[in-house]
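So the structure is just underneath, and the comments pick up after that.
The values are calculated or read from the model by the stated rules, or taken from the named source; none is laboratory data. Predicted model, so just to flag it, every value in this text is computed and none were measured. Cβ atoms come from the backbone with ideal geometry, glycine included; neighbour counts cover every protein chain shown. Heavy atoms of the whole protein, side chains included, go into the accessibility calculation; ligands, DNA and RNA do not. Shrake-Rupley method; radii C 1.70, N 1.55, O 1.52, S 1.80 Å.
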Amino acid sequence: MLRSRRTKIAIGLGMGVATLLLWSNPAAAQELDPVEMVQANLDNIFIVLAAVLVFFMQAGFAFLTAGLTRAKNVANIMMKNLMDMSVAIIAFAAVGFAFAYGDSVGGLIGGDGFFLGTGGDGYLTPETDFFFQVAFAATAATIVAGAVAERMRFRAYAIYTVFLTALIYPVIVHWTWGGGWLDELGYVDFAGSGIVHMTGGV
């Protein structure tokens, strides 16, 4: 029985690693020499792994907020965290990613690339780039869950999540990481303490 369980775990891990390698493989690999191709693959794998770690912040915030609420509200809190990731992916894919990383309109907002018509940076594939960025967008949305726990209806929270991940967060990202006016002034936020956490907190 134990051997069977270890075999299943090994197969599952192997399939996960294979999926990661296939998904993070740059589409334009035919145009790269072997050294560049290895670098491109390593860049994509590293960013996907970093995105997975950021993605796990959803679970961390879910447990944190569940621990801060009464037992009768734990299911509601868990559902809010699951929902805000789901809604964030849809809203950020539709318009948020374009507002954040599209061509700048006056340094304030991105103006093109809606429905994932933009993306990819250097060796990064558009899929890898989007996955990394949407993990942060959902994190900014879920930060609020603790502040409004037991104080906000589920429907209102869903509406707030759409508004934050489709408009508010992407505009702040464009100002900074997207090459907007704050970036032009020299503002640097390497890990997102201002962009992600302060936006969610405010």
Could you tell me how many of the residues in region 1-33 are open to solvent by less than 100 Å² (accessible area, probe 1.4 Å) and either modelled with pLDDT of 85 or more or not hydrophobic (A, V, I, L, M, F, W, C) (or both)? 10
Which condition from (1) open to solvent by 10 Å² or more (accessible area, probe 1.4 Å); (2) among the small types (G, A, S); (3) part of a loop (DSSP other than H, G, I, E, B) is the one that A156 breaks? (3)
Can you pull out every residue in region 176-192 that is open to solvent by 80 Å² or more (accessible area, probe 1.4 Å) and free of Cβ contacts under 8 Å to residues at least 24 places away in the same chain? L185, Y187, V188, F190
So which of A149, A135 is of a type in the set (G, A, S), in a loop (DSSP other than H, G, I, E, B) and in contact (Cβ under 8 Å) with a residue 60 or more places away in the chain? A149
Run down V171, V196 and say which single residue is among the aliphatic types (A, V, I, L, M), closer than 20 Å to M85 by Cβ, in contact (Cβ under 8 Å) with a residue 12 or more places away in the chain and buried (at least 16 other Cβ atoms within 10 Å of the Cβ). V196
Among the residues of region 122-131 satisfying the criterion of being surrounded by 16 or more Cβ atoms within 10 Å (Cβ to Cβ) and touching an Asp or Glu at 6+ places or on another chain (Cβ under 8 Å), which is modelled with the lowest pLDDT? Y123
When you scan region 80-110, how many residues do you find that are farther than 17 Å from F130 by Cα and either open to solvent by less than 60 Å² (accessible area, probe 1.4 Å) or not aliphatic (A, V, I, L, M) (or both)? 7
Only residues that are open to solvent by 40 Å² or more (accessible area, probe 1.4 Å) and part of a helix (DSSP H, G or I): list them for region 62-79, please. F63, L64, G67, L68, A71, K72, V74, A75, N76, M78, M79
